[in-house]
Structure formats: structure tokens, C-alpha cells
Amino acid sequence: MSGTIFRTTAQHNADGKNEKWFLTPLFLILCLLAAPPLLADDSVAAPPADRDKPGLQAVPLPKTDNLDEETRARLEEARAQVNAALQERAAARELAATYGELGALYQVYALHRSAEQCYANAIALDPDNFRWNYYAAYHAASTGRMPLAVQRYRQARALKPAYKALVVRLADALLDLNELDSARTAYEEVISETGLEAAALYGLGQIALLQRDYETAIAHLTRALELDPAATRIHYVLAQALRAVQRTTEARTQLALRGDVLPAIRDPQIESLMAMKSGAHVHFIRAMKAINRHDHNAARGHFADGLAREPDNAIALVSYARTLYLTGEASEARTILERAVTLKPDNVLGLFLLGILAEEGGDTARSTDYYQRVLKLEPAHAGAHYYLGNHYFRQQDTRQAATHYRQALAADARYSAAYIPYLGALIHSGASDGTLLETLRDASHYFPEQPIYRSLLARLLATSRDPQIYAPQDALRLAEQLVEEQRIPPHLEVLALAFAVNGRFAQAATILEEALMRVAWSMPGVATRLGATLAAYQEEKLPAAEELQDWPVIQPPAFDGQGPFRNYPAARPY
Amino acid sequence: MKQDNSSIQPYRGEAVIRTVFYRSLGVILVIALGGAGLWYLSREATKPEAIEEAVVSGPVIETATPLHTPPAVAFTDITDEAGIDFVHVNGSRGEKLMPEAMGSGAAFLDYDNDADQDLLLVNATGLSEQPQQPAPTLALYRNDGHGRFSNVTEESGLAITTYGMGVAVGDYDADGWTDVYITALGENILLRNNAGQFVDVTAAAQVAGLASDWSTAATFIDYDNDQDLDLFVGNYVLWSRKIDLEIDFQLTGLGRAIGAPNHFTGTNNRLYRNEGNGLFSDVSHTAGIVVNDPVSGLPEGKALAVAPVDYDGDGWIDLFVANDTVRNFLFHNLGNGRFEEIGALEGIAFDRNGKATGAMGIDTAYFRNSDDLGIGIGNFANEMNSLFVTADGQAPFADEAILEGFGPASRLALTFGLFFFDYDLDGRLDLFQANGHLESEINVVQPSQHYAQPAQLFWNCGDDCRNRFLHVEETGALATPLVGRAAAYADIDNDGDLDIVITQVGRRARLFRNDQQLGNHWLRVAFADGPGAGVIGARVELTAGGITQRRHVMPTRSYLSQVELPVTFGLGRNAQVDRLSVTWPDGRVQEIPVKAVDRVITVSRGH
């Protein structure tokens, strides 16, 4: 046909003109129209070399700005290897390996779109490679695509039926999809495999629990814990089973042991995958997890590992110093903090903690200097204000102390430690009852679970000489609430006072007698004071004014070095 | 000269061939052009609009018999025709601050006592020091009884600008008018309803909370059974712009991202006891709802939703609190003014693996029409939603989301609003969830995630089905991907079935009318006394065809939302009701005669 067309179009008529000249371009147009429509190219920009390989898709180039330098370099190197293999027209398996390695790196750093495409390319090039198929299955599972995960696990399993760790993961995915019988079969298949027993028993225990076969669940989960005592997550599931059969006390015991570690699965392939995640940040994240578990020793180790890779990370150095201090290495902590502030002179937290260490060592001039440096950088630093307030309070400069405490609370109204000494400083500096009232109301509002503030508020309302503030009935109401919550001597004392200022001396005396009986042996000093007050009530008199103002708790607080190292908030710990 | 015919014949043959060829060419050309045109036109027609579609994988559905197939129901987006022109303002200026992603709530309420459901939509505002212009406000829409709304925000006194989060409705002062409490990033607001005019009485009532609080869920309940409505307020995390920027949360591949709650300190919830005469007392500590970490002393909770229900039937209302990334709470009411937190012991604190989830929305229901209570919780992306269920009517709860088919289908979606309701009126409570991600660019790094996601509807197939909750594929306009947040239901057009509102963060709220035409019977029970202490917390039981259904009278459900006060029973093909009873919060049981179905019965206490 085409030969006829071209021969026909090539003919010239008797005049030498080619009357059929239009046929060739027409034919070409028809061929184009008959060709399949071009698909839109949806792929993200990628190295041009990818496009030379038909069947492969371009791998998106993700942003990696927030990763550490070492990790970025590894990703770039892995991607360069892919490009090199493409350009050298490497054999399919070799090219697949470069895609697979790059995909694994993307996966561990949660760059899922890029990981997915790498694995797809690797499998397209080397479909019988177990590792890429398995990683792709694991990736699907970890990104929540369970039906796809099951499909891929089955494909991978066909390639390597003897790899039993895969069976546990397949079972987990089947369980997730409510394929309980299939999941059970899979778990049972590996229940005797070394390194997989606990995970299999855990899965079987979960199935039994779902099916309300509680005794079986208890048996499986208990055995799983015996095999893997570090799998602290099992405690919670076991607690559920125990609770369901009314073994509530044992359930509570298990709940108290609950942790975050799932049963281990001995899986060299996935271990190898996870080991690809390195870099300083990985260690810092582990350190923070350890801190959340209150395991400062482990945190210290992880920070050290991370700093070995990023030795000039001033923020991480401060966090490391905190763990050193909390594990008994105060001197080393000081050295590290000094290095941190040398690297980053505006490191406010580092300077503050150095102040704490100096104060702990008795060098108040040095500590004051550090706190002042903090305030120059951050005028609203609650911690620096608080510790300066304490310093001045001990120096009996109560006005200066009150100023700093006020600023600490202005910066952070939840800085609970500051309220009591602030009140003390206010009282000793002759502040008005109005100021005291406002402070106590704030404290009660922010910390309703701390009765001390309501107790002091009740005292103030009962004893204030300011008629605008004196409110004996409100004082009584508050005191009654306090005693209802906790019938302890300080609350009883306040209640007695409230009765007395309301003219109910008999009741005041009765209540105070009870308080006195409770402290008579254990707190002789307090007992003496209460005894004198009781005598006044029995004569239907109020205690002397100065006694009323002898509020027992308003003294400069004892120095606390541990608190800031343990609890002072750091928005960015590394 | 005679021509040589042998040389002419080939030319004739070729002429025939040429003729045939030209004709064939013409036909081919016509066909090809026609085909190309058809292809081009059909490609244009199916080209997706410029909205992202979510790829949310469905459940593994076994081959269904006709009886086990969700009925065809269409929800129609009537936002425009209903007159709902509300657009949520989240104050985003590109800093990716956490509050920008959380959205705000919605409430159906009868604010003007005309027996239909009006709609209140909560709004936020700017987060920087410069005020947003024009100032966004809350929005109140009055229903004409037929599902058409008019904006009555100004005239009702609700043109209030605040960084609003959630809403609670209830008649706290027992004057017969529905009052409203708005939670916020900052101080909350109590609005007393004076015959259709709202007045800010927050200061007098002493229920503002702290300026540093980030309040979310709220509910009016009578926790101490003293016949007045008290107020529970859930608080989220300790947040400020400074803290958020310092933390500088990053997602690899995206850069700065919306902060994760596990980087922020938790806060404690508040319980306000109604003292009468418009005054409340903060009894949070004495009531035992303060939960602090025993080691650090810091608050543990990060509340986003609350579901009040008397789960143990002792006559005292309990509180289920959904916390984001930390354990959920169950505050068990001890009946003496105090609560005990026992979430872990009762099995609702964690998922089946003992892990805390990113819990956002919550609802409770007797979805099996048995004594077993179910607690549905909407969780984060790549976390199954939870469905905690009692066994034989007793705690502890077990997470049966997998067994009921709901879990696997909900895993990929990021769920906020969630509630039980009987959308097809067959007598079994179905499940609805509003979905939407936090990150507008999430699809760049996670191909299985999208910012806008379709809502999901799960049909309750009943006891005979292997998977009780079947994902409904055809839902009409409900399948449109949205950046969904709060969700609430009401019968806005008084046709017996339940319609839905979904709020979006930084976008327009959508109203969906239920256009089911399945012919099932129904009965709605309304309450003449309104949402006061004598009504909220009541339990309504209806028996028809041998099946007893139960409903709690409780507007607080879902995420930051309030549903309508009346309760709806689907009756399927049953044209009569065997028994209808109301157990009021004070324990009295009232039998209600039902003479006919497919109507609203209004009941009053003591009548």
C-alpha cells in the first residue's frame, strides 16, 4: 500500500508535473493521527539522564535543607551514583542497585515520594531482587498502605520463602486488614523461629484479644514478655486482657510497666535499612527520646554520639551538658557549657546554666554576672530573673528581689517557683495588701492544684488591715474548702483563724486543738506557736498582729541547681 | 495507430487501485479526524478541576451480597442555595503557625426557639499584632425551616472577633434560651441568649480562662446532678508564636511545617461548677481533672475533643477526652463532685498496640443496638481511627476498629470531625468522618497524602456482616475533597433525615443536604424544655420490630462541634413504634405514646 502510494506520488504526468504531491504529507499526517495520543508527562523535574531509559520514571529531587551536612552529602553521593550508572549505561542489575540504595536512603529520611519511585525503578530493572521488593513492601506498610504492603510482601516472599522475618511483617499487615485467620496462620508459622517468637506471640495475643479469647491472649502475651522483657509495649496489651477477666490488680501492675518498645523482630534486611540512618540528628533524636523516658544516662550517650559528628553544635552541647550534670558530672558539664558559649556567645540557656553552676559553687559574683548577661540578651528571661530575685532576697534587698520576681512572673506566669518568694519579698518590703491579693489570685488561678496559694489568700482576707480587702466570710469559705480537700494542720490553722476573725472563737479553738494534737510531737516549734494562738482563742482574742503576719513559708527559697538542668524548657534542644 | 492494449490494462488496473485508494484515504481521514476530535473532547470533559483529590484506599471489602451493599444515598452541596457564605479565616501569613491548621467549629442550635436548626460557625482571625482587616467574626445563620438560611450575625450580637476554636451550647441559666460558649486561643467567651440577642457575660461568670490558654473542646453538662449546667473546657498545648518559631518544626522535603503537638507542653482542662445566679467556680483541681506527669509535674493533656456520657450507667455523667499524641482520658464521675482518671485501665487511652494517637474528634453511641457502648475517635494520618467498645455492656473497652471494618479504611485519612448518625434511616447508626491534612504541600513528600481529602461515610451493615462498617463509595457531593475540620449534623429541612455541615480551615464551610429516598420510616424526638440541665444527658430508647435503639441527648460530639438537640431514629420498614421512653437525668423514666411515625414528637419533662 505504501509502496503504491509512494510510487503513485512519484509519478509525473505527461506535462512533467506531479499532480499527487500532496499525498506524501497527507500520509504522514495520517500516521501521526493514527499514533496513540501522547500521555502528559507528570513527573517532577529530575536528572535528564533518567529520561533516556524507557520504562523508568524520573525520581523527584527533594529538599534536604533541614538535614545535617553529612546526610545531605550521602544523599547527593547516592544520587550521583544513579546518574553515573545511567550515563555509563550500566547493566540492569547494577543500575537497579543504585536506585535501590538511593531509595533506601530516601525511605529512612522519610522522603517517601522519592523513595517510592526509586524502588519502582529498581524493581523494574531487577524484578527478582528480594531486597528491593522487601524494602518496597516495608515502605508501603510504614506509610499506611496496607493492601499494597500485603501484595508486595507476598511478591517478596515468593522470591525468598525462607526469609521468615517477612512472614511476621506480612502477618502484622494482615492483622491490620482484619484478615485474622491468615494473620494467625502466618504468626504460627514463625512461632518457633529464633528472634521472631516474641513478635509472633504478641501478634497471636492481639488476635486472641480481638476475639475476646482472653485466657489465650494472656498466655501468649505473658510468654512474649518472658522471651522479650524489653518489649515494654506488651505490658499494655496484657493489661487489657487481664482487665477483661477482672484481674484488675494485675492489670494495674502491668499498666505501670507500660513502655514504648515493641517486640523485637530479628530482621537483618530491615536492620540494615535502619542502620543507613546516621548523621548527628539521628543521635540527637534518640537522646531526646531517652530524656522523655527520664533516662539521662542513655541521653548522655546519644548526645555524645551526635556531637562526635557535629562537634560545633552549640545548642546540642548545652543539652549534652545538662545530661552530664544530671548524671553527676557537674565539672564536665561546666566545661561543655563554656565551650558552647564560646562557640555561640548569645546562647542564653548556656549562660543561664553556667550561672546556676557558679551559684552552686558559691561564687555569687560570677553567677550574678552570668544572669545579668542573660538578661542583656533576653530581658524577659524568667529563670535569670528568678535566680537574681533569690540572690537579692538572701541579701535582704527585698525590693530588688521583688522586682526580679515580678519580672520573672511577667515573662512566665506559670513559673510556679517564683510565687512564694515573691510574696515573701513583697511582705518584707512592705508592699500593699492589694499587691499581695493580686499575686495570690494569679497564683491560685494558674495553680489551682496547689492549695498553698489559697491558704495564703485565706490568711490575707482574714487579716488584712485594708478594708477593701478584708473579707472574713470569703476567708472562711476558702478555709473550709481547703480543709474539705485536705484535713492537714496548716489548713486547720487557717480555718481556725477564719473562725476567729468571724467571731466564732469556740469553733476556732476546737479546730486549733486538733491541729495542735497532730504536730505536738513532730514539730515542737510549730506546736509552741499554735499553743500561744490557742490560748488567745480560748480568751476570745485574736493573736497579735505580728504573729498573724508570721507566715511560715515566706523565706528565701533554698538553692535548687537540679531544677533548671532538668526542667528548664529549651524550644530547640539541638 | 492501434494502441497496445497490454500496456493500457495495467494503467486501468492502477486507476482502479488509485480510485479505491483515494476513497479509502478519504474514509480513513474522516474516521481519524473524527476519532481525534472525540478523544480531544472527551479528554477535556474528564480533565480534573484544579483541586486535589485524595487517594484514600478503601477497606478490603469481601464480595458483598445485595443485602450487604450500602444503599445509594446522595448528599447535595447546598451551601450556595442555602445562603451559607461563611469563609473561615485562619490568620495565615506564611509562618506556618500551629493554630493556622486547626480550624474552627460549628453548632446547630435553635437560638430563636422556632423549632428549627440554625447554624453557628466559629471564626478565627489574624495571629500577628496587626489586626486582620476587615475583622472576621463568628457567623450565625437563621433557618427558615426549609434549609434556607439568612445571616443574622450582627442583629444577634455575635459579630465578635476572636481566634475562635470550638463551641458549646446549653441553657446554663435555665431561662429557656440556648446560650453559647466559644473557646479560643486566648480568653474564652460566654454569651447569654436574651431572647435571640446574645450578650457577653464572661467576666461576670468568671469563665474566661487564661489569656495564655488554648481552649478547644467545651461542653455544658450537669456533672453534679444539681439541676444546672456546669461547663467543661478542654485545653490543648502551651503555645505562643515565640515558642512556635523557636521550635521551628521541620518536615524533611518541605522545610518549616506546622508544629507537631509532641514538641509542646500540655495543659490542664478546666471544670466550672455552676453556682447559680450567673456565676461559675473553677473546681478543676478539687474535682480531680488536673492530670500532671508524676515525674516532671507538667500537665499531660492536649485535649481536642470531649464526649460526655454516663458509660457505666450509675447516673453520673463521665467525660471521655481525646488528646492529641498523648493518652486519651476517661474522667470517671465518682458522684461526690470528683472524678478519677482511668482511661488506661478502661482501655481507651491508647491504640491496640499501646501507643498514643493523634486524636482529634470523638463520639459515642450504642451502634450495635445492644448494651455495648462504642467510642469512635478520629486520628492522624497513617493511624487507624479508633472504635473502643465494651463487652457485654461492661467496661473495659477494646479497640475493635479492625474487627468492624472501620479501622483499615480510615488509616490513610487525617480525621478531624467524627460522629455516629443514621443517614439512611434503617435503624442502625452509621459513621461519618471529615478529613483533611495539615500541610498544604504534603503530597510533595508523601504520595499517599493530600491536603484536601474527601469525607468518609461508613454504612452500618449490621450483625450479620463480617465487616460491620462498609465504606460508602457513592455519596454525591460528600466525595468532594475538602480540608475538613469540624462536622455536625441536623435535620435542616425537616424531612426526617440528617444533613451535614463541614467546616474547612481557611476556606468556605460546606452544607450538605441528605437527599436519600429510600422510603424508610423515621421518628424524631424534640425537647420542649430546650438544652437545659433537665434534658442534656437524658437517654431515649425506642423499640420497633423487636430492636431497641438508644440515643443520648448530647449536643457535644465530633471535633469542636455541637449537633442538634433532637434525636432521630431510623425505623427501616417498621411503620409503628412498640415503645418510646425517655430516662431524664434525674433518673425518672417517662413513657411516650407514639401514634404515628414519620414525624417529630416534642416531649416535655413531666408531661
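Details
- A cut-off of 5 Å between modelled amide H atoms, ignoring neighbours fewer than 5 places along the same chain, links B:R579 with B:T543.
- Note that segment A:501-507 has calculated 3J(HN,Hα) couplings of 5, 8, x, 9, 5, 4, 5 Hz, one per residue in order, obtained from phi through the Karplus relation 6.51 cos²θ - 1.76 cosθ + 1.60 (θ = phi - 60°); glycine and proline are x.
- Projecting the Cα atoms of A:A104, A:P147, A:L75 onto the charge dipole of segment A:71-256, computed from C-beta unit charges around the Cα centre, puts A:L75 farthest toward the positive end.
- Backbone N under 19 Å from the A:A410 label point (7 Å along Cα→Cβ), restricted to segment A:432-453: A:432, A:434-443
- Unit charges at the beta carbon, dipole of the protein assembly as shown: most positive-side option, A:M274, A:A382, B:N353: A:M274
- As a calculated quantity, the FRET efficiency between B:A204 and B:N494 at R0 = 35 Å, using C-beta atoms, amounts to about 0.40.
- Accessible-area ranking of B:I78, A:I123, largest first, probe 1.4 Å: A:I123, B:I78
- Listed values for segment B:156-172 are Karplus-derived 3J(HN,Hα) couplings in whole Hz (6.51 cos²θ - 1.76 cosθ + 1.60, θ = phi - 60°), namely 8, x, 9, 7, 10, 9, 7, 7, x, 10, x, 8, 10, 10, x, 8, 6, and x replaces Gly and Pro.
- Charge tally for B:P299 (other residues, Cβ to Cβ under 14 Å; Lys, Arg +1; Asp, Glu -1): -2.
- Candidate cross-link partners of A:K344 among the aspartates and glutamates, defined by an alpha-carbon separation under 12 Å and a same-chain spacing of 8 or more, comprise A:D312.
- Paramagnetic label zone (point 7 Å from Cα along Cα-to-C-beta, A:D312; backbone N under 13 Å) in segment A:59-74: A:69
- The packing ranking, built from the mean of other Cβ atoms within 10 Å per residue, places the peptides B:513-523, A:296-306, B:150-160 in the order A:296-306, B:513-523, B:150-160, highest first.
- Accessible area expressed per residue, the protein assembly as shown, with surrounding protein chains retained (probe 1.4 Å, Å²): 41 Å²
- Between helix A:382-394 and chain A there is an angle of about 20 degrees, using the helix long axis and the longest principal axis of the Cα atoms.
- Dipole orientation for the protein assembly as shown: of the candidates B:S156, B:A107, A:L534, B:A107 has the Cα lying most toward the positive pole (charges on Cβ; Lys, Arg +1; Asp, Glu -1).
- Net charge in the neighbourhood of B:D222 (other residues with Cβ under 9 Å of its Cβ; Lys, Arg +1, Asp, Glu -1) is -4.
- Rounded to the nearest 20 debye, the dipole size of the protein assembly as shown about its Cα centre is 3580 debye, using +1 on the Cβ of Lys and Arg and -1 on the Cβ of Asp and Glu.
- Dimensionless Rg over Rh [the protein assembly as shown; C-alpha; Kirkwood]: 1.05
- Förster radius 60 Å - calculated FRET efficiency between B:L245 and B:N336, Cβ distance, rounded to 0.05: 0.85
- Largest-first ordering by accessible area, 1.4 Å probe, given options A:M288, B:M165, A:M523: A:M523, A:M288, B:M165
- Pairs of Cα atoms farther than 25 Å apart, segment A:71-256, %: 46 percent
- Cβ-based net charge around A:A515, under 12 Å, with every Lys or Arg adding one and every Asp or Glu removing one: 0
- The spacing between segment A:143-204 and segment A:233-257, judged by their C-alpha centroids, is 26 Å.
- Virtual spin-label span in nm between B:E474 and A:T342, 7 Å along Cα→Cβ: 7.5 nm
- For segment B:170-225 versus segment A:293-311, the gap between their alpha-carbon centres in whole angstrom: 48 Å
- Inter-chain neighbour count for B:247-255: the average number of beta-carbon atoms from partner chains within 10 Å of each residue's beta-carbon is 6.
- Size of electric dipole in segment B:454-607: Cβ of Lys, Arg +1 and of Asp, Glu -1, about Cα centre, debye, nearest 20: 380 debye
- Surface composition of segment A:190-321: carbon plus sulfur atoms hold 53% of the accessible area, using a 1.4 angstrom probe and ignoring ligands, DNA and RNA.
- Descending semi-axes in whole angstrom, ellipsoid equivalent of chain A, from the Cα gyration tensor: 72, 34, 25
- Accessible surface of B:R192 - all protein chains present, 1.4 Å probe, nearest 10 Å²: 70 Å²
- Measuring with a 1.4 angstrom probe and ignoring ligands and nucleic acids, A:R477 comes out at about 130 Å² accessible.
- At R0 = 56 Å, FRET efficiency that the Cβ-Cβ distance of A:Q562 and A:A158 yields, to 0.05: 0.45
- Electrostatic dipole magnitude of chain A [Cβ: Lys, Arg +1; Asp, Glu -1; Cα centre; debye, to 20]: 1000 debye
- Here the Karplus relation 6.51 cos²θ - 1.76 cosθ + 1.60, evaluated at θ = phi - 60°, turns the backbone of segment A:67-82 into coupling constants of 8, 6, 4, 4, 5, 4, 5, 5, 5, 5, 5, 5, 5, 4, 5, 4 Hz, with x for every Gly and Pro.
- Label zone at B:E95, where the point sits 7 Å out along the Cα-to-Cβ direction: segment A:373-399 residues whose backbone N lies under 16 Å: none
- Put the Cα centre of segment B:469-537 next to the Cα centre of segment B:271-305 and the gap is 32 Å.
- Chain A against chain B buries an accessible area of about 5700 Å², both chains summed, 1.4 Å probe radius.
- The listed residues B:T390, B:T548 rank as B:T548, B:T390 when sorted by accessible area, largest first, using a 1.4 Å probe.
- Helix axis angle, A:472-485 relative to chain A longest principal axis, alpha carbon, degrees: 60 degrees
- Shielding by partners for peptide B:161-171, expressed as the average number of C-beta atoms from other protein chains within 10 Å of each residue's C-beta, is 0.
- In the protein assembly as shown, the DSSP-assigned H stretches of four residues or longer account for a calculated mean residue ellipticity at 222 nm of -12000 deg cm²/dmol, using -39500 (n - 2.57) per stretch and the full residue count as denominator.
- Apportionment of accessible area to carbon and sulfur, segment B:362-421, percent (1.4 Å): 42 percent
- Nearest 10 degrees, 0 to 90: helix B:5-46 Cα axis against chain B principal axis: 10 degrees
The values are calculated or read from the model by the stated rules, or taken from the named source; none is laboratory data. Just so it is clear, the model here is predicted, and its values are computed rather than measured. Using ideal geometry, Cβ is built from the backbone for each residue, glycine included, and neighbour counts are taken over all protein chains shown. Ligands, DNA and RNA are stripped out before the accessible areas are found, and what is left, the full protein with its side chains, is counted by its heavy atoms. Shrake-Rupley method; radii C 1.70, N 1.55, O 1.52, S 1.80 Å.
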